[in-house]
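Novice: My questions all concern the structure below.
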Amino acid sequence: MKLLVPVKRVVDYNVKVRVRPDGTGVETANVKMSMNPFDEIAVEEAVRLKEKGVATEVVAVSIGPSQAQEQIRTALAMGADRGILVEAEGVVEPIAVAKILKAIVAKEGPQLVIMGKQAIDDDMNATGQMLAALLGWGQGTFANKVEIADGAANVTREVDGGVETVRLVLPAVVTTDLRLNEPRYASLPNIMKARKKPIETVKPADLGVDTTPRLKVIKVEEPPKRQAGVKVGSAAELVSKLRTEAKVI
Ligand code: AMP
């Protein structure tokens with residue numbers, strides 16, 4: 001069984017993002033970029049399925065600039081077998097990513113696509129759902145447990161106030177939540193080995209997909225600055241401030 005794992009190049013989660021002076025988005029020049037954290041969880045899950053003998057091949061795919069090869073290499077160092085870079089400059093919106101992934105699914109024939117529940121750059125939380133709809137496949141979103149048996153995936157999902165388990169007949173799409181697993185760090189020997197693993201490069205047009213954006217960002221703003229706190233001398237003073245100044249009690 002082949003697994004497809006889409007991995008997105010995003011601003012590293014440790015970077016404090018700054019809004020571009022013209023308010024059109026966040027600054028990405030000279031900023032550390034990494035694999036989207038939810039996609040690391042997806043790669044880890046796929047590699048574990050391969051290690052258990054459930055999967056035979058793990059293919060990592062990224063849609064982005066040529067530098068997105070770095071994120072594919074990270075996936076390869078974690079244990080993926082080969083990569084596909086769909087080279088595209090600028091913003092590629094979820095619907096275009098989903099169409100590209102659909103075309104790759106048609107070419108590769110995976111039984112399962114495991115991807116992040118959302119990319120931490122624009123927090124769309126849409127691509128997995130769109131891909132499942134375009135393919136007409138079942139979807140198990142926000143997964144915190146995935147078990148494959150008898151041609152189906154049993155996916156435990158994090159839902160409001162609890163968990164829900166769904167059974168998806170394969171092929172299917174799964175999106176990962178934070179508690180699914182703890183991704184491994186790639187070891188140095190595996191990073192070296194990953195350099196020799198193949199990465200194929202294609203363009204969206206080769207797959208028949210137009211990536212022209214359909215959404216227009218009107219304005220991006222920083223959240224308002226928080227005011228400095230004050231130290232109070234006693235519980236009575238705290239209660240009085242909460243009552244008369246903050247007016248919360
Ligand atoms: P989103 O719907 O944008 O929040 O992204 C959800 C998931 O879709 C991500 O965690 C990735 O697995 C996948 N994805 C989105 N954009 C890309 C991209 N440009 N390249 C590869 N995977 C992507």
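None of the figures in this text is laboratory data; all of them are computed from the coordinates on show. What you see is a predicted model; the values in this text were computed from it and never measured. Cβ: placed from backbone, ideal geometry, glycine included. Neighbour counts: every protein chain shown.
Novice: Which pairs break 27 Å Cα to Cα here: K2/K193; K16/K247; K16/K99; K32/K197; K145/K219; K8/K216? Numbers along the way, then the final one.
Specialist: On the way: K2/K193 21 Å; K16/K247 32 Å; K16/K99 31 Å; K32/K197 24 Å; K145/K219 38 Å; K8/K216 21 Å.
The answer is K16/K247; K16/K99; K145/K219.
Novice: Taking the 0 to 90 degree range and rounding to the nearest ten, how far is the long axis of helix 37-51 tilted relative to the main principal axis of the chain, both from C-alpha atoms?
Specialist: 40 degrees
Novice: Using only Cα atoms and rounding to the nearest 10 degrees, what angle (0 to 90) does helix 94-108 make with the longest principal axis of the chain?
Specialist: Once rounded, the angle reads 20 degrees.
Novice: Step through the residues of region 188-201 one at a time and calculate ³J(HN,Hα) from phi using the Karplus curve (6.51 cos²θ - 1.76 cosθ + 1.60, θ = phi - 60°), rounding each to whole Hz and writing x for Gly and Pro.
Specialist: Each residue's phi maps through the Karplus curve to give 4, x, 6, 5, 5, 4, 5, 4, 8, 6, x, 10, 8, 10 Hz.
Novice: Continuing with the same structure: Where does helix 69-78 land angle-wise versus the long Cα axis of the chain, in degrees 0 to 90, nearest 10?
Specialist: So the inclination is approximately 80 degrees.
Novice: If you keep only loop residues by DSSP, which GluC sites (Glu not before Pro) in region 1-99 have at most 13 other Cβ atoms within 10 Å of their Cβ? Write down the numbers at each step before the final one.
Specialist: Values: sites: E27, E40, E44, E45, E51, E57, E70, E87, E89; in loops: E27, E89.
Loop-located and lightly packed - E27, E89.
Novice: Given a cut-off of under 8 Å on Cα pairs at least six residues apart, what relative contact order in percent is computed for the chain?
Specialist: In percent, rounded to a whole number, it is 23.
Novice: Beyond 18 Å, what percent of the Cα pairs of region 16-77 remain?
Specialist: 49 percent
Novice: Would you calculate a helix-derived [θ] at 222 nm for the chain, using -39,500 (n - 2.57) for each DSSP H run of n ≥ 4 and dividing by the full residue count, to the nearest 500?
Specialist: -8000 deg cm²/dmol
Novice: Now for a different question. So if a site counts as exposed when it's one of the chymotrypsin sites (Phe, Trp or Tyr not before Pro), its DSSP state isn't H, G, I, E or B, and it has at most 16 other Cβ atoms within 10 Å, what's the longest stretch of the chain without one?
Specialist: 14-184
Novice: Given that compact globular proteins tend to follow 2.2 N^0.38 Å, what is the ratio of the alpha-carbon Rg of region 2-244 to that value?
Specialist: 1.16
Novice: Of the candidates Q111, Q227, Q69, which one comes out as most mobile in a Gaussian network treatment of the chain with C-alpha springs shorter than 10 Å?
Specialist: Judging by the Gaussian network model, the answer is Q227.
Novice: Right, next: Using +1 at the Cβ of each Lys and Arg and -1 at the Cβ of each Asp and Glu in region 120-249, identify which of T175, A236, G161 lies farthest towards the dipole's positive end.
Specialist: A236
Novice: While we're here: Which of these, A77, A96, A29, has the largest mean-square fluctuation under a Gaussian network model of the chain (Cα springs below 10 Å)?
Specialist: A29
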